[in-house]
Ligand code: SF4
Ligand code: SF4
Ligand code: FES
Ligand code: FES
């Protein structure tokens, strides 16, 4: 097995949360994503043994959902929304700028494995269009200039945790909802930040 | 609840059971709704939308998929309206968007539901001009199955089959949307004992078999209905041939037996029929050389031996004979033989079974209606594969499954309780008090039980199973399915008065009591655990006549070798399966060269010897076989050919099996047979020979330590005899248990009552160098 004891322990904890082992499949795939930055065939083998289904069944699920990456991703997954609300608020320019800065086409990863760029469908932040996600932490009201600033900041400081609220403050604009309490926790990998998966951390 | 519901379809009132799917209710009333994904034996998924029909709802008429809609009372349905037609055209236009339409080179063309339904319901023209999606043309998803993903219409029949029916989901949809494809996991091929079924149910030419690929066009095929004699299940088959060559075997949906499915061995083993190595002329051994001889000369030489009716004749009969063949030998023995009237079956697992007065014999369908199934027998997935499918089906319907013994590990996955090594010892004895086992109390005591019982390995004592049987019989309302697995064993039970197994053959047969031995369709030297003993017995006899499809390790010891017609399409007769259901074996292709049916050979021989017999035709033998049964219910050809009896006729009998218990030895080794082996027929069928030639053993974890095995390979040594094998660890085995599959050549040649040494191959190499 290519998972270390720590990860396996975590996986077993997750499995216990469900009445049936195979129900843990989704979270375990996120866990695999947080480990390698994508779902490797090795991880699929491990997961299939853990939950007692065949490898191809795991593969079937993992290739169905676009948040489970089939290729390695960079440290930061930049997802820029291209759907209608964002589009009419100039997201194509945001996309252009991000592509220019990173030199990446859709679904590409740079050589340093710092950035992966993708243009995605609606990410549920239409009220604050155009919206961008870094490792699934959402920033709303992002102007083309701020998109570049955001990328620059990521490139220069290489934060280990990216926090939505912090990025919103520094690079965002109008927001869908403003009444949520300040949250200093963010994502530590290209899997979404979940406490049960330990893919989230509070930034000091 | 069981009241019928009435619905109106296309203006016609029809009646249906409640809970039926609309597509099925219509079908039952003769109204056909086109479909791709729906299959009677699989759960509905509504993948293809070909079955859309209009149903009246409170919100007006609506299009609904009839394969996922249950009937309800007073439902009003239109399957032919303009809206429905437009929907069908639309669905087909979409399905054809990415379909390559390479019908001219597609095996399915001519019997393809996509082709047929496009003709019947399609739009005639496509508006799609863009490039179709492309995939590498067929990829091998296993050694015998090919997948052309371009042709796939994503109906999920194959994936559902492998998940729901055979329980080995090694193929699945990968990716999503326009990119969706069926595939396997890398380096994890579609290794399933049942993979051929997916080829049969694929509604397009996406799945094909190496066996049939590019061999024929459906309109050139001749076909007939027959019965598989690969094991005692007796699955219903359709044989297909072209230009007098058998090309394909399909499963026929016989509700009470195989429900349309076949195992891959039953489906592909026929390939040996076309092998160049078939025996086609009679041979005689002269000074240790087999030389060709005229069949007339065989008859004349043998008739000298039998003419005076003072000959002591014995018979060792295989399981690939028809009931009529068995009867022919019985009649022959009645007239000629002076020895004790009994027949030896080529079976090293034969035991008296459970047939007594107090036993109620089970039917296969009883599996579905009992509260629990209790199994202690050989590994059923290996030995009676489609029975294994029926057990899976029953379990899926909520029947509890209680499995004893590490031999049935393949059932342990779906068992509610698996009594493995803690309960069943290395000597194949149940070492715990059965009545105290918790789950037995819960599932078995006082319940309706179907017990599938038999020996798990040749050297197991018969008594150990009897103990379980007696417990079940007195503590539950149980029916028994005796798990004899070999071909037409039940046909032999039904037609021969007295049968014995190979262990008795070894003890009984000698020069004194045998002037003439017939070995028919049997290779006990090549396959059974009594190999060496049987070899020396045969060598000690004066006259041995072997009838077979091939020359093999046993037949080469004979004085005469008669080329035999195959029961897979070269001759007619009847076959009796595990529930005493007798059905037709039919002939489709000519028997090659000078091959003869066993019954033909034996009747001709008697004629030649001037002995008049009334049973000198197939019909008379067939009548003779069932003369003790009520003529209107007996499975004679006339009755079997009635449309209502095509699925066979059941006549339960309680046979006499005078096999003696073989418990003199402790079980030192656990031997058994895997589905695929390398018997003569298997070696000469291309598909099967790819699957079953590996020589290996399975061992308990303790064996690894004891013999210091590391490299995955080792050598088995006994006296001068050695075989190099690979080994696999089996965690459900008792620590010290070693399993040796004896249907792989060489591996059956040990004396299993004595120690066999195991030497790691590295050590062996070092020894050999010195
Ligand atoms: S391969 Fe055949 S059976 Fe399988 S999904 Fe495709 S069309 Fe259906
Ligand atoms: S299960 Fe037995 S009878 Fe059925 S196809 Fe397989 S070998 Fe033939
Ligand atoms: S359209 Fe961009 S977030 Fe909804
Ligand atoms: S047959 Fe009903 S959706 Fe396919």
Out of the helices (runs of 4 or more DSSP H) lying entirely within the stretch B:318-403, which hold 1 or more residues that are without any contact (Cβ under 8 Å) to a residue 40 or more places away in the chain?
B:323-336, B:366-369, B:385-396
So if I check each of A:163, A:132, A:142, A:94, which one is over 23 Å from residue A:191 (Cβ atoms) and either in contact with a strand residue (DSSP E or B) (Cβ under 6 Å, 6 or more places away or on another chain) or within 16 Å of ligand 4 (Cβ to nearest atom) (or both)?
A:94
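Among the listed residues B:143, B:130, identify the single one that is away from ligand 1 (no atom under 16 Å from the Cβ), surrounded by fewer than 21 Cβ atoms within 10 Å (Cβ to Cβ) and under 29 Å from the mean Cα position of the chain (by Cα). Steps first, answer last, please.
Numbers: B:130 fails: under 29 Å from the mean Cα position of the chain (by Cα).
Only one candidate passes the filter, namely B:143.
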Within the stretch A:40-68, considering residues that are more than 21 Å from the chain's Cα centre (by Cα) and in a loop (DSSP other than H, G, I, E, B), the one farthest from the other protein chains (Cβ to nearest Cβ)
A:52
The one condition residue B:62 fails out of (1) out of contact with any helix residue (DSSP H, G or I) (no Cβ under 7 Å at 6 or more places or on another chain); (2) assigned to a strand (DSSP E or B); (3) crowded, with 20+ Cβ neighbours inside 10 Å is (3)
Tally up the residues in the stretch A:7-39 that are surrounded by fewer than 19 Cβ atoms within 10 Å (Cβ to Cβ) and within 14 Å of another protein chain (Cβ to nearest Cβ), please.
2
Being without any contact (Cβ under 8 Å) to a residue 12 or more places away in the chain and under 21 Å from residue A:25 (Cα atoms) is the filter here, so list the residues in the stretch A:179-204 that pass it.
A:195
Go through the stretch B:170-189 and count every residue that is buried (at least 21 other Cβ atoms within 10 Å of the Cβ) and more than 9 Å from every other protein chain (Cβ to nearest Cβ).
1
Give me the pairs, please: first residue somewhere in the stretch A:85-110 and within 14 Å of chain B (Cβ to nearest Cβ), second residue anywhere and more than 16 Å from ligand 1 (Cβ to nearest atom), beta-carbon distance under 7 Å, and either six or more positions apart or on two chains.
A:107/A:118
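Considering the stretch B:223-247 alone, what residues qualify as being more than 22 Å from residue B:275 (Cα to Cα) and surrounded by 24 or more Cβ atoms within 10 Å (Cβ to Cβ)? Spell out the reasoning first.
Going residue by residue through the stretch B:223-247, those that are more than 22 Å from residue B:275 (Cα to Cα) are B:225, B:232-236.
B:232, B:233, B:234, B:235, B:236, listed by residue number.
Residue by residue, here is whether (1) touching a helix residue (DSSP H, G or I) at 6+ places or on another chain (Cβ under 7 Å); (2) surrounded by fewer than 19 Cβ atoms within 10 Å (Cβ to Cβ) holds:
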residue	(1), (2)
B:338	no, yes
B:344	yes, no
B:364	yes, no
B:380	yes, no
B:403	yes, no
B:416	yes, yes
B:425	no, yes
Is there a residue being in a helix (DSSP H, G or I) and within 16 Å of ligand 2 (Cβ to nearest atom) anywhere in the stretch B:250-264?
yes
If we scan the stretch B:28-44, do we find a residue that is over 19 Å from residue B:85 (Cα atoms), away from every other protein chain (no Cβ under 14 Å), more than 16 Å from ligand 2 (Cβ to nearest atom) and not in a loop (DSSP other than H, G, I, E, B)?
yes
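Tell me whether the stretch B:265-280 contains one or more residues that are more than 12 Å from ligand 2 (Cβ to nearest atom), buried (at least 18 other Cβ atoms within 10 Å of the Cβ) and not in a helix (DSSP H, G or I).
Narrowing the stretch B:265-280 to residues more than 12 Å from ligand 2 (Cβ to nearest atom): B:271-280.
From what's left, buried (at least 18 other Cβ atoms within 10 Å of the Cβ): B:271-273, B:278-279.
Adding the requirement that they be not in a helix (DSSP H, G or I) leaves B:278-279.
Yes - at least one qualifying residue is present in the stretch B:265-280.
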If I ask for residues that are more than 15 Å from residue B:336 (Cα to Cα) and crowded, with 17+ Cβ neighbours inside 10 Å, which ones from the stretch B:296-312 would you list?
B:298
Looking only at the stretch A:112-138, how many residues end up being more than 11 Å from ligand 3 (Cβ to nearest atom) and more than 19 Å from residue A:194 (Cβ to Cβ)?
7
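Residues are listed down the side, and each one gets a yes or a no for (1) modelled with pLDDT under 95; (2) in contact with a helix residue (DSSP H, G or I) (Cβ under 6 Å, 6 or more places away or on another chain); (3) within 16 Å of ligand 1 (Cβ to nearest atom):
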site	(1), (2), (3)
B:22	no, no, no
B:35	no, no, yes
B:52	no, yes, no
B:79	no, no, no
B:99	no, no, yes
B:105	no, no, no
Within the stretch B:197-222, of all residues that are crowded, with 17+ Cβ neighbours inside 10 Å and part of a strand (DSSP E or B), the one nearest to ligand 4 (Cβ to nearest atom) is B:207
Over the stretch B:129-170, the set of residues within 16 Å of ligand 2 (Cβ to nearest atom) and either in contact with a strand residue (DSSP E or B) (Cβ under 9 Å, 6 or more places away or on another chain) or closer than 19 Å to residue B:188 by Cβ (or both) is B:144, B:161, B:166, B:167, B:168
Per the filter on the stretch B:410-446, residues within 26 Å of residue B:672 (Cα to Cα), in contact with a strand residue (DSSP E or B) (Cβ under 8 Å, 6 or more places away or on another chain) and not in a loop (DSSP other than H, G, I, E, B) are B:411, B:412, B:417, B:418, B:419, B:424, B:430
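Checking the conditions here, which among B:230, B:266, B:251 is within 16 Å of ligand 1 (Cβ to nearest atom) and touching a residue at least 24 places away in the same chain (Cβ under 8 Å)? Full working, then the answer.
Working: B:230 fails: within 16 Å of ligand 1 (Cβ to nearest atom); B:266 fails: within 16 Å of ligand 1 (Cβ to nearest atom).
Unique residue meeting the criteria: B:251.
Would you check if residue A:71 is within 14 Å of chain B (Cβ to nearest Cβ) and not in a helix (DSSP H, G or I)? Walk me through how you get there before you give the answer.
Values: within 14 Å of chain B (Cβ to nearest Cβ): yes; not in a helix (DSSP H, G or I): yes.
Here the answer is yes, as residue A:71 does meet what is asked.
The values are calculated or read from the model by the stated rules, or taken from the named source; none is laboratory data. Since this is a predicted model, take the numbers as computed values, not measurements. Note: ideal-geometry Cβ built from the backbone for every residue, glycine included; neighbour counts use all protein chains shown.
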